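What follows is calculated from the coordinates using simple rules that are stated; it is not laboratory data. What you see is a predicted model, and the numbers here were worked out from it, not measured in a lab. Cβ coordinates were reconstructed from backbone atoms using ideal geometry, including for glycine residues, and neighbour counts include every protein chain displayed.
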């Protein structure tokens with residue numbers, strides 16, 4: 001039964017699969033939830049489905065029953081890979097699966113500009129890809145890692161929870177480690193990575209101040225570190241990083257961040273006129289003026305600087321959205337819904 005559900009989701013180009021009691025099996029396609037039938041799943045039917053998923057993954061369901069949450073990856077030969085999030089809701093088992101292709105994403109097909117991919121060409125420092133859940137951050141990072149793998153003779157270490165895209169060794173050596181399977185935690189894996197001669201580290205997510213602190217140290221000591229945050233916009237990203245630290249450390253972290261950060265890419269997926277989705281990107285590169293602003297705690301002024309410096313490779317989210325609107329890719333309603341300052345967007349038309 002589960003294999004049939006997974007196959008149908010892949011055939012219909014769904015991004016996510018919802019197996020939840022009280023509802024029919026549902027797919028997320030282009031940001032819209034679609035129910036696949038009228039029959040509501042009973043708790044015992046959902047439990048059977050979840051057990052089948054665990055059997056396919058050859059994973060013990062004990063952890064989910066004990067803790068109420070479990071994340072892991074699943075490969076179905078000849079079909080696709082899936083990122084599974086098992087959880088309990090109102091005492092019943094449930095699962096949401098993200099569909100991940102065996103093939104690495106093509107930046108042209110995913111509308112990711114070349115200038116974003118090439119932000120990973122610097123030998124050290126930190127590049128952050130930010131945005132809400134489901135905005136395509138993993139795909140953007142996968143394109144960067146694939147680009148490095150094909151063009152540089154380096155050791156790349158990825159730390160993910162769970163592993164999403166799979167890489168083959170090309171010019172680079174790629175070591176992929178999954179939290180909970182290959183290493184105890186992001187912190188443990190990141191500390192160990194610094195002893196494993198990496199030139200590039202992909203950190204799936206910067207979750208807490210300890211992880212962020214070690215990540216910044218890695219970027220400061222000659223490594224290129226790529227990671228994500230669930231923030232929209234460079235200003236919010238800077239503030240989120242600083243705010244996770246105790247007040248007495250924030251000044252030191254601000255100075256350190258201003259020196260190690262290379263770029264912040266913020267992205268959203270917008271409904272396109274052709275019925276699909278298309279990304280809008282904000283790009284902030286660390287020019288001397290940006291570094292000074294971050295170091296001096298003037299992050300609130302960054303929006304204006306990004307807007308006024310397109311020649312430095314920067315673009316604001318609203319400018320990116322306005323460009324999509326101008327090119328007929330999205331509707332005015334969509335542009336106003338996703339713009340950071342919809343009133344300013346109106347004035348620019």
Radius of gyration and Dmax for region 1-113's Cα atoms, expressed in Å?
14.4, 46
Ordered by fewest other Cβ atoms within 10 Å, a rough proxy for footprinting exposure, 194, 261 read 194, 261
In deg cm²/dmol, rounded to 500, what helix-only [θ] at 222 nm does the chain give when every DSSP H run of at least 4 residues adds -39500 (n - 2.57) and the total is split over its residues?
-10500 deg cm²/dmol
Where both partners of a DSSP beta bridge lie in the chain, what percent of those bridges are antiparallel, to the nearest 5?
60
Where does each of 120, 197, 49 land when they are ranked from fewest to most other beta-carbon atoms within 10 angstrom?
197, 49, 120
FRET efficiency, residue 210 to residue 289 (Cβ-Cβ, R0 22 Å, nearest 0.05):
0.10
Per its Cα gyration tensor (rounded if a/c is under 1.5, else prolate when a/b beats b/c, else oblate), region 162-302 is best filed as oblate
5 Å-binned pair-distance histogram of region 123-244 (Cα, whole percent)
2, 11, 23, 26, 22, 11, 4, 0
Estimated distance in nm for a label pair at residue 151 and residue 273, the labels positioned 7 Å out from Cα along Cα-to-Cβ
3.2
Residue 4-residue 341 pseudo-label distance in nm [points 7 Å out on the Cα-to-Cβ vector]
5.5
Relative contact order in percent for the chain (Cα pairs under 8 Å, 6+ apart) equals 13
Once the cut-off is 32 Å, how many percent of the Cα-Cα pairs in the chain end up in the long-distance tail?
36
Sorting 159, 56, 345 on the 10 Å Cβ count, fewest up front, what's the list?
56, 345, 159
On the formula 1/(1 + (r/R0)^6), with r taken between the Cβ atoms of residue 13 and residue 55 and R0 of 25 Å, the FRET efficiency rounded to 0.05 is 0.45
Helix 250-260 sits at what angle to the longest principal axis of the chain, using alpha carbons and giving 0 to 90 degrees rounded to 10?
90
